Amino acid sequence: MKQGLLLVLLAFCLYKAWQDFGPKPTLPPLYSEPYVAVYGRDSCGHTQRLLQGLRQQGMEPHYLNVDDMNIANSLHARMELQNIPTQRYDLPVVDVNASLTIRPTLASVQETFSKQ
């Protein structure tokens, strides 16, 4: 009986590890050209600082306000495809050429964009 429970627990742990660290489904890109899309709010200081920093570096990000339910629903669908929880998360969420990150630094956004 104990061995059976241990086996079930081990299988569950392996399944959760696969979900968290296994290959993630690829997202379809939002735009045909290389891009940075910033999902956030007008009232979010983190969002506004990132947008300002990107613009100062000569990048023109696509800003998508999550207060619009259509945009929020689209973001949540993309997050779910990447196994990112949607119940509670920090802003901004940044999509760099179909690669999502939550509240990244300016440097990490630039690095991800330059690699692709």
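Fewest neighbouring Cβ atoms within 10 Å first, the residues M79, M1, M69, M59 line up as M1, M69, M59, M79.
Just for the chain, what percent of DSSP beta bridges are antiparallel, to the closest 5? Provide the component values of the computation, followed by the final result.
On the way: 7 of 11 bridges.
Antiparallel: roughly 65 percent of the beta bridges in the chain.
Over the chain, dividing the summed -39,500 (n - 2.57) contributions of all DSSP H runs of at least 4 residues by the number of residues returns a 222 nm mean residue ellipticity of -15000 deg cm²/dmol.
Charge tally around V36: other residues with Cβ under 15 Å, Lys/Arg +1 each, Asp/Glu -1 each, net +1.
Each Lys or Arg adds one and each Asp or Glu subtracts one; over the other residues with Cβ under 10 Å from the Cβ of N97, this totals -1.
Which whole DSSP H helices in the chain pass both tests: a Cα extent of 20 Å or more along the axis and a mean Kyte-Doolittle value no lower than 0.5? Write down the numbers at each step before the final one.
On the way: long enough: 2-21 (28 Å, 0.89).
Once both thresholds are applied, what remains is 2-21.
Rounded, prolate or oblate: which fits the range 55-114, taking a ≥ b ≥ c as square roots of the Cα gyration tensor eigenvalues, rounded meaning a/c under 1.5, else prolate when a/b beats b/c?
Details: a/c = 2.08, a/b = 1.55, b/c = 1.34.
In terms of gyration-tensor shape, prolate.
Percent of Cα-Cα pairs per 10 Å bin, from 0 to the last occupied bin, for the chain, please list those. Computed distribution, short to long bins: 13, 39, 27, 11, 7, 3, 0. Would you mind classifying the range 34-75 by shape? Square roots of the alpha carbon gyration tensor eigenvalues, ordered a ≥ b ≥ c; an a/c under 1.5 is rounded, otherwise it is prolate if a/b is larger than b/c and oblate if not. Here the range 34-75 falls in the oblate category.
All of the numbers you see were taken from the coordinates with simple rules; none came from a lab. Everything quoted here is computed from the prediction, not taken from an experiment. Because the Cβ atoms are built from the backbone with ideal geometry, glycine has one as well, and the counts that use them run over all protein chains shown.
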